[in-house]
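Below is one structure, written out as structure tokens; the observations come after it.
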Amino acid sequence: MSEIDSGLLAKLHDFVSVSELSRDGRLKLPPERTLCERFSMHRSSVRNLLSVLQSLGFIERRQGSGTFLRMPEPVFIQLYFELALKLNYISVDHMEMAREMFEREIVQAATTHHNAQELEKLERLCERIVTTTDINDGLQADYEFHEQLAIMAGNPAILIIFQGLSSVLKKVLHHRRVLARQSPQSQKKTNETHIAIVAAIKARDPDLARQAMFDHFETWNQQTMRSYAGS
């Protein structure tokens, strides 16, 4: 990013650092005139930097109310991973390995942080994975199952990273997943690993949950690569 503008990130950080709580409890940036005076900048430069923040999804402008900080949509981190793949900075194998390592930690956290409602939703998703006859519905339920685990871990940072990694992998591995689900034997084996994960979380056993997730990915990789190789 320093090749674009060596001072850009520093200025963006400065703008965020002077935000204050508004009456409704939201973080609000000072008016443009105040930013100009505070940082000795021209009005046009301030507006350009605010436009950058807005385009990245970090601020929300409301006419007559002001400019507020906000969390960007997950698409921001998804775009990062998509570009990293296209530029060959990382590979699909790198992302798969990172996700597998990440999810073994996620499932351990989920065993101790989840509540009854979250567990019920996970069980419903597992049932949907096992019983659905629609391939695309099964794929969507599979993604939602793992996303639910990230939610159950009780850490927003985990969910953001998960959504960035898994949403991109969902696209690039779609063909392998479809092929695996066309084989009743492969589908049955991968489905059963989801059941084991739910059982471990229900028992609140972190070690069992970690092993169940390890077995899940081992089985999934064996079955999908076998299906993929035969296509």
#### Entry: Single residue of T112, T67, T132 found to be over 22 Å from H216 (Cα atoms) and β-branched (V, I, T)
T67
### Message
Just to check your reading of the model, which residue among F102, F68, F81 is of a type in the set (F, W, Y), in contact (Cβ under 8 Å) with a residue 24 or more places away in the chain and more than 18 Å from I161 (Cα to Cα)?
### Response
F68
### Summary
From the option list R210, R177, single residue qualifying as within 22 Å of L122 (Cβ to Cβ), buried (at least 17 other Cβ atoms within 10 Å of the Cβ) and modelled with pLDDT under 85 is R177
### Query
From the set of residues in the stretch 111-149 that are part of a loop (DSSP other than H, G, I, E, B) and at pLDDT 95 or above, which is surrounded by the most Cβ atoms within 10 Å (Cβ to Cβ)?
H114
### Message
Can you tell me how many residues within the stretch 43-66 are charged (D, E, K, R), touching a Ser or Thr at 6+ places or on another chain (Cβ under 8 Å) and within 13 Å of E32 (Cα to Cα)?
### Response
1
### Summary
In the stretch 48-90, residues that are surrounded by 14 or more Cβ atoms within 10 Å (Cβ to Cβ), among the charged types (D, E, K, R) and part of a helix (DSSP H, G or I) total 1
### Task
State which residue is least open to solvent (accessible area, probe 1.4 Å) when the search covers only the stretch 30-47 and only residues that are small (G, A, S) and assigned to a helix (DSSP H, G or I).
S45
### Query
Can you name the residue in the stretch 26-49 that is touching a strand residue (DSSP E or B) at 6+ places or on another chain (Cβ under 9 Å) and at pLDDT 90 or above and is also nearest to V16 (Cα to Cα) among such residues?
L29
### Summary
Pairs returned, first residue in the stretch 43-58 that is within 17 Å of F76 (Cβ to Cβ), second residue that is open to solvent by 80 Å² or more (accessible area, probe 1.4 Å) and assigned to a loop (DSSP other than H, G, I, E, B), beta-carbon separation under 9 angstrom, 6 or more apart or interchain, are G57/R70; G57/M71; G57/E73; F58/R70; F58/M71
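The values are calculated or read from the model by the stated rules, or taken from the named source; none is laboratory data. Please read all numbers here as calculations on a predicted model, not as lab measurements. Note that each Cβ is placed from the backbone with ideal geometry, even for glycine, and that neighbours are counted across all protein chains shown. The area values use the complete protein model at the heavy-atom level, side chains included, leaving out ligands, DNA and RNA. Shrake-Rupley method; radii C 1.70, N 1.55, O 1.52, S 1.80 Å.
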